[in-house]
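The structure appears right after this line, and notes come after that.
The values are calculated or read from the model by the stated rules, or taken from the named source; none is laboratory data. Keep in mind the model is a prediction, meaning the values are calculated, not measured. Using ideal geometry, Cβ is built from the backbone for each residue, glycine included, and neighbour counts are taken over all protein chains shown.
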(Lines give C-alpha, C1' and ligand atoms only; values in the text may rest on other atoms or scores of the structure.)
Protein backbone atom coordinates (compact mmCIF):
# COMPACT_ATOMS: atom_id res chain seq x y z
CA UNK A 1 0.00 0.00 0.00
CA UNK A 2 1.40 3.36 -0.93
CA UNK A 3 0.15 6.72 0.18
CA UNK A 4 2.54 9.02 -1.64
CA UNK A 5 1.30 11.43 -4.27
CA UNK A 6 -2.45 11.00 -3.91
CA UNK A 7 -4.09 11.48 -7.26
CA UNK A 8 -6.88 13.92 -7.83
CA UNK A 9 -10.12 12.84 -9.37
CA UNK A 10 -11.63 14.89 -12.13
CA UNK A 11 -15.26 14.70 -11.02
CA UNK A 12 -16.86 18.06 -10.35
CA UNK A 13 -20.08 18.65 -8.37
CA UNK A 14 -23.08 19.36 -10.54
CA UNK A 15 -25.08 22.52 -9.95
CA UNK A 16 -28.59 23.40 -10.97
CA UNK A 17 -28.46 26.19 -13.53
CA UNK A 18 -30.15 29.50 -12.81
CA UNK A 19 -32.43 28.83 -15.76
CA UNK A 20 -33.68 25.56 -14.31
CA UNK A 21 -34.18 27.15 -10.90
CA UNK A 22 -36.10 30.11 -12.31
CA UNK A 23 -38.21 27.77 -14.43
CA UNK A 24 -39.03 25.74 -11.32
CA UNK A 25 -39.99 28.89 -9.43
CA UNK A 26 -42.11 30.09 -12.35
CA UNK A 27 -43.88 26.71 -12.53
CA UNK A 28 -44.55 26.82 -8.79
CA UNK A 29 -45.95 30.36 -9.04
CA UNK A 30 -48.20 29.32 -11.94
CA UNK A 31 -49.49 26.40 -9.85
CA UNK A 32 -50.12 28.75 -6.92
CA UNK A 33 -51.91 31.15 -9.27
CA UNK A 34 -54.13 28.35 -10.59
CA UNK A 35 -54.93 27.35 -7.01
CA UNK A 36 -55.82 30.94 -6.19
CA UNK A 37 -58.04 31.15 -9.28
CA UNK A 38 -59.76 27.87 -8.46
CA UNK A 39 -60.58 28.93 -4.91
CA UNK A 40 -61.67 32.39 -6.06
CA UNK A 41 -64.03 30.94 -8.67
CA UNK A 42 -65.35 28.54 -6.04
CA UNK A 43 -66.30 31.52 -3.87
CA UNK A 44 -63.61 30.96 -1.23
CA UNK A 45 -61.68 34.26 -1.22
CA UNK A 46 -60.06 33.71 2.17
CA UNK A 47 -58.75 30.26 1.22
CA UNK A 48 -57.58 31.70 -2.12
CA UNK A 49 -55.65 34.43 -0.34
CA UNK A 50 -54.15 31.91 2.06
CA UNK A 51 -53.01 29.66 -0.78
CA UNK A 52 -51.53 32.64 -2.62
CA UNK A 53 -49.63 33.99 0.36
CA UNK A 54 -48.47 30.54 1.53
CA UNK A 55 -47.36 29.43 -1.92
CA UNK A 56 -45.57 32.69 -2.67
CA UNK A 57 -43.85 32.49 0.73
CA UNK A 58 -42.50 29.00 0.03
CA UNK A 59 -41.11 30.11 -3.35
CA UNK A 60 -39.59 33.20 -1.74
CA UNK A 61 -37.96 31.13 1.02
CA UNK A 62 -36.49 28.75 -1.59
CA UNK A 63 -35.08 31.71 -3.53
CA UNK A 64 -33.58 33.28 -0.39
CA UNK A 65 -31.98 30.00 0.76
CA UNK A 66 -30.47 29.47 -2.69
CA UNK A 67 -29.21 33.06 -2.83
CA UNK A 68 -27.62 32.77 0.63
CA UNK A 69 -26.07 29.41 -0.21
CA UNK A 70 -24.55 30.91 -3.35
CA UNK A 71 -23.17 33.96 -1.58
CA UNK A 72 -21.77 32.27 1.51
CA UNK A 73 -21.06 28.85 0.07
CA UNK A 74 -23.35 25.94 0.77
CA UNK A 75 -22.09 24.49 4.03
CA UNK A 76 -25.28 22.59 4.79
CA UNK A 77 -26.77 19.64 2.99
CA UNK A 78 -30.05 21.47 2.44
CA UNK A 79 -28.27 24.40 0.76
CA UNK A 80 -26.26 22.04 -1.41
CA UNK A 81 -29.42 20.17 -2.35
CA UNK A 82 -31.12 23.42 -3.30
CA UNK A 83 -28.09 24.44 -5.36
CA UNK A 84 -28.11 21.05 -7.06
CA UNK A 85 -24.64 20.29 -5.66
CA UNK A 86 -25.74 17.55 -3.28
CA UNK A 87 -23.31 14.66 -2.89
CA UNK A 88 -24.30 11.06 -2.22
CA UNK A 89 -24.57 11.57 1.56
CA UNK A 90 -26.84 14.61 1.10
CA UNK A 91 -29.02 12.55 -1.22
CA UNK A 92 -29.09 9.68 1.28
CA UNK A 93 -30.19 12.08 4.02
CA UNK A 94 -32.90 13.57 1.81
CA UNK A 95 -34.14 10.15 0.71
CA UNK A 96 -34.29 8.86 4.29
CA UNK A 97 -36.02 12.06 5.46
CA UNK A 98 -38.65 11.76 2.74
CA UNK A 99 -39.18 8.13 3.75
CA UNK A 100 -39.97 9.35 7.26
CA UNK A 101 -42.38 11.91 5.80
CA UNK A 102 -44.08 9.11 3.84
CA UNK A 103 -44.49 6.99 6.94
CA UNK A 104 -45.73 9.98 8.93
CA UNK A 105 -48.24 10.73 6.15
CA UNK A 106 -49.83 7.31 6.53
CA UNK A 107 -50.16 7.72 10.28
CA UNK A 108 -51.27 11.37 10.10
CA UNK A 109 -53.93 10.54 7.51
CA UNK A 110 -55.26 7.70 9.65
CA UNK A 111 -55.46 9.99 12.67
CA UNK A 112 -56.98 12.74 10.52
CA UNK A 113 -59.66 10.41 9.16
CA UNK A 114 -60.54 9.35 12.68
CA UNK A 115 -60.67 12.99 13.77
CA UNK A 116 -63.00 13.92 10.89
CA UNK A 117 -65.19 10.92 11.68
CA UNK A 118 -65.43 12.19 15.25
CA UNK A 119 -66.56 15.60 14.01
CA UNK A 120 -63.37 17.63 13.53
CA UNK A 121 -63.34 20.27 10.80
CA UNK A 122 -61.95 18.78 7.57
CA UNK A 123 -59.93 21.80 6.42
CA UNK A 124 -58.40 22.18 9.88
CA UNK A 125 -57.36 18.52 9.87
CA UNK A 126 -55.77 18.87 6.41
CA UNK A 127 -53.87 21.95 7.54
CA UNK A 128 -52.70 20.14 10.66
CA UNK A 129 -51.49 17.18 8.59
CA UNK A 130 -49.49 19.53 6.35
CA UNK A 131 -47.91 21.15 9.40
CA UNK A 132 -47.09 17.76 10.93
CA UNK A 133 -45.45 16.56 7.70
CA UNK A 134 -43.37 19.74 7.47
CA UNK A 135 -42.21 19.34 11.07
CA UNK A 136 -41.35 15.66 10.43
CA UNK A 137 -39.34 16.64 7.32
CA UNK A 138 -37.33 19.31 9.14
CA UNK A 139 -36.77 17.10 12.20
CA UNK A 140 -35.70 14.17 10.03
CA UNK A 141 -33.30 16.33 8.00
CA UNK A 142 -31.71 17.72 11.17
CA UNK A 143 -31.51 14.37 12.95
CA UNK A 144 -30.19 12.38 10.01
CA UNK A 145 -27.61 15.00 9.06
CA UNK A 146 -26.15 14.61 12.56
CA UNK A 147 -26.31 10.83 12.58
CA UNK A 148 -25.07 10.07 9.08
CA UNK B 1 -17.56 -0.24 8.93
CA UNK B 2 -14.09 0.88 10.06
CA UNK B 3 -11.78 2.59 7.63
CA UNK B 4 -8.32 4.10 7.28
CA UNK B 5 -9.36 7.35 5.62
CA UNK B 6 -8.35 9.63 8.50
CA UNK B 7 -4.90 8.00 8.78
CA UNK B 8 -4.31 8.14 5.04
CA UNK B 9 -5.49 11.74 4.85
CA UNK B 10 -3.26 12.84 7.72
CA UNK B 11 -0.28 10.97 6.26
CA UNK B 12 -0.87 12.80 3.00
CA UNK B 13 -1.02 16.11 4.91
CA UNK B 14 -4.48 16.93 3.67
CA UNK B 15 -7.33 18.74 5.35
CA UNK B 16 -10.83 17.27 5.27
CA UNK B 17 -11.84 20.11 2.96
CA UNK B 18 -9.01 19.37 0.53
CA UNK B 19 -9.84 15.67 0.41
CA UNK B 20 -13.52 16.50 0.02
CA UNK B 21 -12.76 18.77 -2.92
CA UNK B 22 -10.60 16.11 -4.55
CA UNK B 23 -13.34 13.52 -4.17
CA UNK B 24 -16.11 15.94 -5.21
CA UNK B 25 -18.02 15.49 -1.97
CA UNK B 26 -18.72 17.79 0.97
CA UNK B 27 -16.40 18.19 3.97
CA UNK B 28 -19.19 16.78 6.14
CA UNK B 29 -19.18 13.62 4.06
CA UNK B 30 -15.45 13.14 4.59
CA UNK B 31 -15.96 13.73 8.32
CA UNK B 32 -18.80 11.18 8.44
CA UNK B 33 -16.69 8.65 6.53
CA UNK B 34 -13.76 9.08 8.88
CA UNK B 35 -15.95 8.65 11.93
CA UNK B 36 -17.62 5.57 10.49
CA UNK B 37 -21.06 7.16 10.56
CA UNK B 38 -21.55 6.90 6.81
CA UNK B 39 -20.65 3.98 4.56
CA UNK B 40 -19.77 5.19 1.06
CA UNK B 41 -21.24 3.93 -2.17
CA UNK B 42 -19.08 1.60 -4.22
CA UNK B 43 -18.11 4.37 -6.70
CA UNK B 44 -17.03 6.66 -3.84
CA UNK B 45 -15.12 3.82 -2.17
CA UNK B 46 -13.29 3.21 -5.45
CA UNK B 47 -12.60 6.95 -5.79
CA UNK B 48 -11.10 7.04 -2.28
CA UNK B 49 -8.97 3.99 -2.98
CA UNK B 50 -7.83 5.37 -6.33
CA UNK B 51 -6.98 8.71 -4.74
CA UNK B 52 -4.68 7.06 -2.19
CA UNK B 53 -3.25 4.57 -4.73
CA UNK B 54 -4.50 1.58 -2.81
CA UNK B 55 -7.39 -0.88 -2.76
CA UNK B 56 -10.80 -0.78 -1.15
CA UNK B 57 -9.85 -3.78 1.01
CA UNK B 58 -6.87 -1.86 2.40
CA UNK B 59 -9.04 1.06 3.41
CA UNK B 60 -12.37 -0.38 4.52
CA UNK B 61 -12.66 -3.14 7.10
CA UNK B 62 -15.71 -5.17 8.00
CA UNK B 63 -16.62 -4.82 11.68
CA UNK B 64 -17.51 -8.49 12.15
Q) Can we say residue B:25 is more than 7 Å from every other protein chain (Cβ to nearest Cβ), crowded, with 20+ Cβ neighbours inside 10 Å and either in a loop (DSSP other than H, G, I, E, B) or at pLDDT 95 or above (or both)? A) no
Q: Among the residues of segment A:35-52, count how many are within 30 Å of residue A:84 (Cβ to Cβ) and surrounded by fewer than 12 Cβ atoms within 10 Å (Cβ to Cβ).
A: 0
Q) Can you tell which of A:110, A:115, A:86, A:140 is more than 16 Å from the chain's Cα centre (by Cα) and crowded, with 16+ Cβ neighbours inside 10 Å? A) A:115
Q) If only one of A:112, A:119 is more than 14 Å from every other protein chain (Cβ to nearest Cβ), out of contact with any strand residue (DSSP E or B) (no Cβ under 7 Å at 6 or more places or on another chain) and assigned to a loop (DSSP other than H, G, I, E, B), which one is it? A) A:119
**Q.** Enumerated helices (runs of 4 or more DSSP H) restricted to segment A:1-87, each holding at least 1 residues that are more than 14 Å from chain B (Cβ to nearest Cβ), modelled with pLDDT of 75 or more and more than 30 Å from residue B:59 (Cα to Cα)
**A.** A:18-41, A:45-72
Q) How many of the residues in segment B:45-64 are within 7 Å of chain A (Cβ to nearest Cβ) and either part of a strand (DSSP E or B) or surrounded by fewer than 20 Cβ atoms within 10 Å (Cβ to Cβ) (or both)? A) 5
Q. Here are some conditions: (1) more than 25 Å from residue A:79 (Cα to Cα); (2) more than 9 Å from every other protein chain (Cβ to nearest Cβ); (3) part of a helix (DSSP H, G or I). Residue B:13 meets all but one. Which one does it not meet?
A. (3)
